Amino acid sequence: MAALNTTKKLYGLIGYPLAHSFSMDYFNQKFKAEHIDAEYLNFEIEDIGQLMEVISEYPNLDGLNVTAPYKEQVIPYLDSIDDGARNIGAVNVIKFIRNDRENELKLRGYNSDVIGFGKSIEPYIDAKHRQAMVLGSGGASKAVSYALNKFGVEVMHVSRKKSASTVTYEELTKAMVHEHKIIVNTTPLGMFPDVDKCPDFPYRFLTKEHLCYDLIYNPDETLFMKQSKEHGAEVKNGLEMLLLQGFAAYEIWTK
């Protein structure tokens, strides 16, 4: 990666892969529209250890977003994390705090996923939405579960691997699906370019009372959403969440 010879503010996204991400276009359009002297870049790194290389090569970095698979792996590289991110156990925003007099840089972690998802799903939650299934066990699932718990929604975690805190897809029954009227896909299955994939969920048990929310926003309608809609469920993708967490991330960087 070649260093940028500029004094403008620089922000970016670390993750792997990043071909699906809309964040760079979103932020650069925002900077242009609001006449902000800043730029946003994608840093597709194959190992979280490359984070420090990125920071070294781009000395004008002021903040980063973090996406899969590094929302949990990045935590040991941070000097501090706020209480929300600590409770969730995942970070998707890094604020750069500089002390120029002492030539010191501190990295502080936050989680804006919980803000974006919470604001996005809140209008859909009503009396029948008191239990949810969260598909996946990564950093995004932790933020989603945290947000749902704040609304008083009980969460069942579903994963391919059995653990003390999860059930497997094979164990799901019609009764379980009927009890849990919110289904949230936090896995990357179905994300561009692998649009022909989806979680191995028993879609036949869904009803018109279910809300099936996919955190994926590229493509607009995932296979998870198509199969859910075919069985009567209301569906929603993750674009609104992306935008809302982006607003929150920029506020964290600049406050």
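The values are calculated or read from the model by the stated rules, or taken from the named source; none is laboratory data. Since this is a predicted model, take the numbers as computed values, not measurements. For neighbour counting, all protein chains shown are included, and Cβ atoms are generated from backbone atoms with ideal geometry for every residue, glycine included. The area values use the complete protein model at the heavy-atom level, side chains included, leaving out ligands, DNA and RNA. Shrake-Rupley method; radii C 1.70, N 1.55, O 1.52, S 1.80 Å.
Matching residues to (1) outside any loop (DSSP other than H, G, I, E, B); (2) free of Cβ contacts under 8 Å to residues at least 60 places away in the same chain:
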| site | (1), (2) |
| --- | --- |
| Asn87 | yes, yes |
| Arg101 | yes, yes |
| Lys119 | yes, no |
| Asp126 | no, yes |
| Val134 | yes, yes |
| Asn149 | yes, yes |
| Val158 | yes, yes |
Residue that is surrounded by the fewest Cβ atoms within 10 Å (Cβ to Cβ), among those in region 140-166 that are of a type outside the set (Gly, Ala, Ser) and more than 18 Å from Asp214 (Cβ to Cβ): Lys161
Being out of contact with any Lys or Arg (no Cβ under 9 Å at 6 or more places or on another chain) and open to solvent by 50 Å² or more (accessible area, probe 1.4 Å) is the filter here, so list the residues in region 195-226 that pass it. Val195, Asp196, Lys197, Lys208, Asp220, Lys226
When both residues are 6+ apart or on different chains and their Cβ atoms are under 6 Å apart, which pairs have a first residue that lies in region 49-66 and is at pLDDT 95 or above, and a second that is assigned to a loop (DSSP other than H, G, I, E, B) and open to solvent by 60 Å² or more (accessible area, probe 1.4 Å)? Glu57/Met1; Glu57/Ala3
Region 46-55 - residue that is buried (at least 17 other Cβ atoms within 10 Å of the Cβ) and in contact with a strand residue (DSSP E or B) (Cβ under 7 Å, 6 or more places away or on another chain) and, of those, nearest to Ser137 (Cα to Cα): Leu51
Of the residues Tyr11, Tyr58, only one is open to solvent by less than 30 Å² (accessible area, probe 1.4 Å), closer than 28 Å to Gly190 by Cβ, of a type in the set (Ser, Thr, Tyr) and more than 16 Å from the chain's Cα centre (by Cα); which? Tyr11
Enumeration of residues in region 173-194 that are in contact with a Leu (Cβ under 7 Å, 6 or more places away or on another chain) and open to solvent by 60 Å² or more (accessible area, probe 1.4 Å): none
Which number in (1) open to solvent by less than 50 Å² (accessible area, probe 1.4 Å); (2) in a loop (DSSP other than H, G, I, E, B) marks the one condition that Ile94 misses? (2)
As an exercise: evaluate Asp100 against (1) at pLDDT below 95; (2) more than 24 Å from Phe247 (Cα to Cα); (3) not assigned by the TED database to the domain that holds Asp62 and give the number of the one condition it does not meet. (3)
Suppose we filter region 97-127 for residues that are under 19 Å from Ser145 (Cα atoms), of a type in the set (Asp, Glu) and open to solvent by 30 Å² or more (accessible area, probe 1.4 Å); how many remain? 2
Which of the residues belonging to region 61-91 are surrounded by 14 or more Cβ atoms within 10 Å (Cβ to Cβ), among the hydroxyl-bearing types (Ser, Thr, Tyr) and within 27 Å of Lys150 (Cβ to Cβ)? Thr67, Tyr70
Only one of (1) more than 28 Å from Gly15 (Cα to Cα); (2) open to solvent by less than 70 Å² (accessible area, probe 1.4 Å) fails for Glu170. Which number is that? (2)
Here is a list: Leu239, Leu211. Which entry is at negative phi and out of contact with any strand residue (DSSP E or B) (no Cβ under 6 Å at 6 or more places or on another chain)? Leu239
